[in-house]
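Note sheet for the following structure.
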Amino acid sequence: MPLTSIQVKNVKPTDKPRKIYDTDGLFLLVSPTKKAGRGKSWRFKYYFDGKEKLLALGSYPEISLAEARTRRDQARQFVANGVDPNQIKKQQKLDTAERAENSVEVVAKSWLKRHQDVLAKATCNMIERRLINDVFPAIGSTPIADLKAKTILEQVLRPIEARGTLETAHRVRGTLSQIMRYGVTCGLCERDVTVDLRGALRPIQRKHRAALDSGGIPDPAKIGGLLRAIEDFDGNPTVKAALNLHPLVATRPGELRHAEWKEIDLKEGIWSIPAGRMKMKHPHTVPLSPQAVAILQNQHLRTGTGQLVFPSTRSTARPISDNTLNAALRRMGYSKEEFVSHGWRAIFRTLADEILQARVDIIEAQLAHQVKDALGRAYNRTSFLKERRALMNQWADYLDSLRSKIQ
């Protein structure tokens, strides 16, 4: 006769193990009270390949009579299909163990390690801090295969957003997206669930880099005034050289600060920046105007025996700091609302287009932005080199005219 829930609840242990049968091979194993494994548990007896076998289905009362019957029926279906349910159970245990081993923290650390040679050291350190502070405490132990978009949003991103650091929340979402895509390629998860979070966070209100503009457009008169202020700068000669060179090359400040003499060919007027220092991790060639070459020739007299073009005054092994150029601008009387060193890129991008009427793809290539040809292929670092050299020479002459108040 089939068991009832009342019978299962009321059965008492005795000195010896007892089997109380239900139907179709299901029975309740009642262990003695004096044994460490005392209690009630479900078993399913079945035959496979002519041999009698047992399958543990769980303990009572965690697994009720109804649930035990459901599990028995599933196991019977496996047997009917020629599959041993014990093998299925073993595989499930292996899968569970593997999923636990491939937690978010483990996969994230593996991803970050693989990118250490690609990303700048400061970037790696920043990503690692965000993972340690905001991600690992919340979801680090979660198997990456089990990660849900809702979990990421509620346990990671919303708390960051609540702190008022919206941009960090967006960046953490982007980092988790890269980690999950890495997990997909390694076969550790099915898909990047962060794509389901697009639009979940409030958009960032971007602020343009301060660039001596009037009504959002760079003002040539103000630019000329800044160039004259740099010319009159009486601070450190190396800092002054960097300030003078920056508008002539329009690189990012970090690319300028870390410039090395081995990258610069003064005879050919070429600066070859390695991929490791570029934002997009592609090598970039900067044609140097005669004005830029002259600045570097003078600087070579000061620092040419060392590695760095613009070394720190405290240590020749380190470049000038990331705040050095902006600090010099503040000393010249320019507030951060008026101008920051990164603003030279915006100035070059706008005026080379509107004043010099250069082709946009030439300008974008000079700024090391991704430019593709008609077939969708990305240009390499030497693309448009002849045209870019002509543009940078024209740009240097234009800046000279602004400095001399000739417009």
Please find, within the range 39-64, the residue that is farthest from Ala75 (Cα to Cα) out of those that are touching a Pro at 6+ places or on another chain (Cβ under 9 Å) and buried (at least 18 other Cβ atoms within 10 Å of the Cβ). Lys40
Got a sec? Which helices (runs of 4 or more DSSP H) wholly within the range 292-395 have at least 1 residues that are within 29 Å of the chain's Cα centre (by Cα) and at pLDDT below 90? 343-354, 360-366
Give the residues of the range 38-83 that are in contact (Cβ under 8 Å) with a residue 40 or more places away in the chain and of a type in the set (Lys, Arg), sorted by residue number. Arg69, Arg72, Arg76
Count of the range 108-149 residues which are outside any loop (DSSP other than H, G, I, E, B), more than 13 Å from the chain's Cα centre (by Cα) and of a type in the set (Asp, Glu): 2
Quick one: what pairs do we get from the range 182-193, first residue surrounded by fewer than 18 Cβ atoms within 10 Å (Cβ to Cβ), second in a loop (DSSP other than H, G, I, E, B), C-beta under 9 Å, 6+ apart or different chains? Val184/Glu190; Val184/Arg191; Val184/Asp192; Cys186/Asn102
Note down all Cβ pairs under 6 Å where the first residue falls in the range 244-267 and is more than 11 Å from Ala292 (Cβ to Cβ), the second is of a type in the set (D, E, K, R) and at pLDDT below 95, and they're at least six residues apart or on different chains. Glu255/Arg277; His258/Arg277
Unique match (being in a helix (DSSP H, G or I) and either at pLDDT below 90 or in contact with a strand residue (DSSP E or B) (Cβ under 7 Å, 6 or more places away or on another chain) (or both)) among Glu154, Glu167: Glu167
Within the range 224-271, track down each residue that is among the basic types (Lys, Arg) and in a loop (DSSP other than H, G, I, E, B). Arg252, Lys267
Could you count how many residues in the range 48-68 are charged (D, E, K, R), closer than 14 Å to Asp24 by Cα and not in a strand (DSSP E or B)? 0
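The values are calculated or read from the model by the stated rules, or taken from the named source; none is laboratory data. These numbers were taken from a predicted model, which means no experiment stands behind them. All Cβ positions, glycine included, derive from the backbone under ideal geometry; neighbour counts span all protein chains shown.
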